[in-house]
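Remarks on the structure that follows.
Nothing in this text is a laboratory measurement; each read-out follows from the coordinates by a stated rule. The model shown is predicted, which means the values in this text are computed figures rather than measured ones. Positions of Cβ are generated from backbone atoms using ideal geometry, with glycine treated the same way; all protein chains shown enter the neighbour counts.
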Amino acid sequence: MLRFLLIITLLYFFFYIKNCNAQCRSTEELQDALRYSNNELKKDSTNLKYLKAAAEIYSCLGEYSQSIDVYKKIIALNSSNFAIFLNLGICYQMIGKYDSSKYFYKEALSLKPDMADIYFCFGDLYYSLDNCDSAIFYYNIALKKDKSHTDSYINRAVCFIKLKKFDRAITDLSKAISISPKEYKAYYNRGYAKYGLKQYDQAIRDIEIALSIDQNDPYIYYYMALAYWGKNLHAKACGYLNISRLHGLSKDEKGDLDCD
């Protein structure tokens, strides 16, 4: 029981999904904690602590519709917490219901107009809609609210890369690294931006740093493959591409690589 209470306590204190990603533990632990929460809710269906824990666990497990149902129960009991509306928006975004997502982000914003994370999530929503200009607009606001908002620098840079504004992307990613030196996504995206400028050796150095921090993200290996392909080291590039696919990269995503 102590282990379940610890997990639920962690979820209770981190229950808003920062950076639009749940603060999750192992699936087995989460399922155990969910059973515990649901048992407690059978005793008292209005217990906000266990409702919040259950909603967050469902999000961590990718069961967004279930999470939405629980968050709506919470709102019926207490409609003053911006984080509940923000999490609802995130859940709707995850299932592709973007109008509902916008509605709940706006509700969150009405309660917490200076919260950078809300603008960040708006930016992510517009990026999901392939609207980089609107995404950048909201990342800009997030950074005005919080100049150290690392994820806004990273995601704005991703938009700049998509728009082939590689120098601006590198500036943002270097700023993110100065704030969070262990943020591996900043390194591999900076490497990808340098690849876009055909600075292949510099790209490889950045991606190697990312790889020293995280070994599971498929894009680390994919961007490494692109950089080695740019250097005409095709066998090495194809080796990294194969590793990226082992880590979940879609076979449809291969850029300029001709390894098949």
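Computed over Cα pairs, the Kirkwood radius of the chain leads via Stokes-Einstein (1.567 mPa s, 4 °C) to a diffusion coefficient of 65 µm² per second. P(r) tail, the stretch 215-260: Cα-Cα pairs separated by more than 13 Å, 42% of all pairs.
Counting neighbouring beta carbons within 10 Å and listing from fewest to most, the residues SER100, SER37, SER26 come out as SER26, SER100, SER37.
When the listed pairs LYS102/LYS175; LYS73/LYS251; LYS106/LYS165; LYS97/LYS231 are checked against a 32 Å cut-off, the alpha-carbon distance exceeds it for LYS73/LYS251; LYS97/LYS231.
Expressed per residue, the C-alpha convex hull volume of the stretch 109-170 stands at 66 Å³. Overall, the chain carries a charge dipole of about 440 debye about its Cα centre when +1 sits on the Cβ of Lys and Arg and -1 on the Cβ of Asp and Glu, all other atoms neutral.
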